[in-house]
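Asks: One structure coming up, written as structure tokens, with questions to follow.
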């Protein structure tokens, strides 16, 4: 079985790349394809075992390494240029266009879908507002491009033989947008290697890329209203400087932290705060694996990974008052770190790799017999 692994892009080592890392642990003979590859050597070693990636023409466009998304209108055309005709199995890891590669009836294409294209669908209006593209000529062009992308996204969904969703939340989105059924296999979380700590210290913690939808600014504003409560924030990104300007003395911005330091704060915190509507949300599961309860928005994938009043507490709205009320509710309760950690074992890396291997092998055998 000759295998191709198609990923949207390689430029950071994030949650989607942890899935790629596991794919490479299951099968070590993929040929790799992506629109771009700008991983540093350490991340390349971790994610791809040092393997090279076949990239599209976007790799060579000016400024692609700094801002590949400016070439959004070219993504569908670029992904269709890969010639995968010699492969028996195509496994795509898609949150944008990877699922749109061209295949034929003699090839099996399985898509692990992190989400249908967010900025073309559910984050469409938010994307336009954040990019200041709600009016004017540039707005008209941006809306036209996204309209064309939505059409292509639906058409290209028919190129996939089987969809795997990373949560029930995403399975519903796949059904809504593509009218396709999917099998849920939760992504891999390295829960077994997370440091467990039973004794918690008197501070709260959050960590994320500082981009608007992650709502770090909202968390910081909430703690600005709670001067007697300490908050540590890990992460960097385009919003870092603005958040730094508004953060009061009870809030410490740590910037980007190496994994060991990140986990050290995570295991000692009395709670991990998470305010984003996430497709799955690996980092809140990592926090729970440390025995740390989570205070989280009651939407998206976290409804599947946090047990209310057992491994954390929920708030229903992305507002300062809702988070404040959740913190007050949290502080009235007692949580058992061992129970919290045990809950996360169902999201382990070993479980993911076993389920993926069994699923792909089964579908491939059925495909060859059909």
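Asks: Give me log10 I(q)/I(0) at q = 0.08 Å⁻¹ for the chain, Debye formula, one equal scatterer per alpha-carbon, no solvent.
Replies: -0.42
Asks: Using alpha-carbon positions, what is the distance between the centroids of region 93-110 and region 1-45, in Å?
Replies: Spelled out, the Cα-based centre of one part sits 15 Å from the other.
Asks: In whole angstrom, and with the biggest value first, how far do the Cα coordinates of region 131-276 range along each principal axis?
Replies: Principal-axis extents of region 131-276 (Cα, largest first): 52, 45, 25 Å.
Asks: Let me ask something else about it. So what's the Cα pair-distance distribution over region 294-364, bin width 10 Å, in %?
Replies: Once binned at 10 Å, the Cα pair distances of region 294-364 give 18, 37, 25, 14, 6, 0.
Asks: Quick check: the distance between the Cα centres of region 219-272 and region 273-289, to the nearest angstrom?
Replies: After rounding, the separation between the Cα centres reads 15 Å.
Asks: Hey, in the GNM for the chain with a 10 angstrom Cα cutoff, which one of 271, 131, 120 fluctuates hardest?
Replies: Evaluated over the chain, the most mobile residue of the options is 131.
Asks: Using every Cα-Cα pair within region 191-347, state what percent have a distance larger than 25 Å.
Replies: Counting pairs separated by more than 25 Å, the tail of P(r) holds 20 percent.
Asks: Over the alpha carbons of region 194-243, what is the largest minus smallest coordinate on each principal axis, giving the biggest first in Å?
Replies: For region 194-243, the Cα spread along each principal axis is 34, 28, 16 Å.
Asks: A further question follows. For a test of the definition: using alpha carbon positions, the gyration tensor, and the 1.5 limit on a/c, classify region 89-198 as rounded, prolate or oblate.
Replies: In terms of gyration-tensor shape, oblate.
Asks: With everything on Cα atoms, drop me the angle between helix 320-331 and the longest principal axis of the chain, reported from 0 to 90° to the nearest 10.
Replies: 70 degrees
Asks: Roughly what would the spin-label model give for residue 245 and residue 309, points 7 Å off Cα along C-beta, in nm?
Replies: So the label points at residue 245 and residue 309 sit 4.3 nm apart.
Asks: Then there's this: Compute the angle between helix 259-268 and the longest alpha-carbon principal axis of the chain, please, reported from 0 to 90 degrees and rounded to the nearest 10.
Replies: Orientation of helix 259-268: about 40 degrees from the principal axis.
Asks: Normalised by the number of residues in region 176-280, what is the relative contact order in percent for Cα pairs under 8 Å and 6+ residues apart?
Replies: 36 percent
Asks: Ranking 7, 125, 109, 263 by Cβ neighbours within 10 Å, fewest first, what do you get?
Replies: Starting with the residue having the fewest Cβ neighbours, the order is 125, 263, 109, 7.
Asks: Taking the chain as a Gaussian network, where each spring joins two C-alpha atoms under 10 Å apart, which residue of 289, 96, 78 fluctuates the most?
Replies: Evaluated over the chain, the most mobile residue of the options is 78.
Asks: Divide by every residue of the chain the summed helix terms, -39500 (n - 2.57) for each DSSP H run of at least 4, and state the resulting mean residue ellipticity at 222 nm, rounded to the nearest 500 deg cm²/dmol.
Replies: Calculated from helices alone, the mean residue ellipticity at 222 nm is -11500 deg cm²/dmol.
Asks: On each of the three principal axes of the Cα atoms of region 2-141, give max minus min coordinate, whole Å, ordered largest first.
Replies: Here the Cα extents, ordered largest to smallest, are 49, 38, 27 Å.
Asks: Sticking with this structure for a sec: Radius of gyration and Dmax for region 38-98's Cα atoms, expressed in Å?
Replies: Final numbers for Rg and Dmax: 13.0, 35 Å.
Asks: Further question: Of 82, 205, 272, which is the most mobile in a GNM of the chain whose springs link Cα atoms less than 10 angstrom apart?
Replies: Looking only at 82, 205, 272, the biggest GNM fluctuation is shown by 82.
Asks: May I pose another question? Please tell me the relative contact order of region 24-141 in percent, rounded to the nearest whole number, where contacts are Cα pairs under 8 Å and at least six residues apart.
Replies: Once divided by the residue count of region 24-141, the mean separation gives 17 percent.
Asks: Here's another thing I want to ask about it. On C-alpha positions alone, give me the angle between the axis of helix 137-157 and the longest principal axis of the chain, in degrees, nearest 10.
Replies: So the inclination is approximately 70 degrees.
The numbers here are math on the coordinates, done by the rules we state, and not lab data. Only a predicted model underlies this, so the values are computations on that prediction, with no experimental measurement involved. Every residue, glycine as well, gets a Cβ built from its backbone with ideal geometry; the counts of neighbours run over all protein chains shown.
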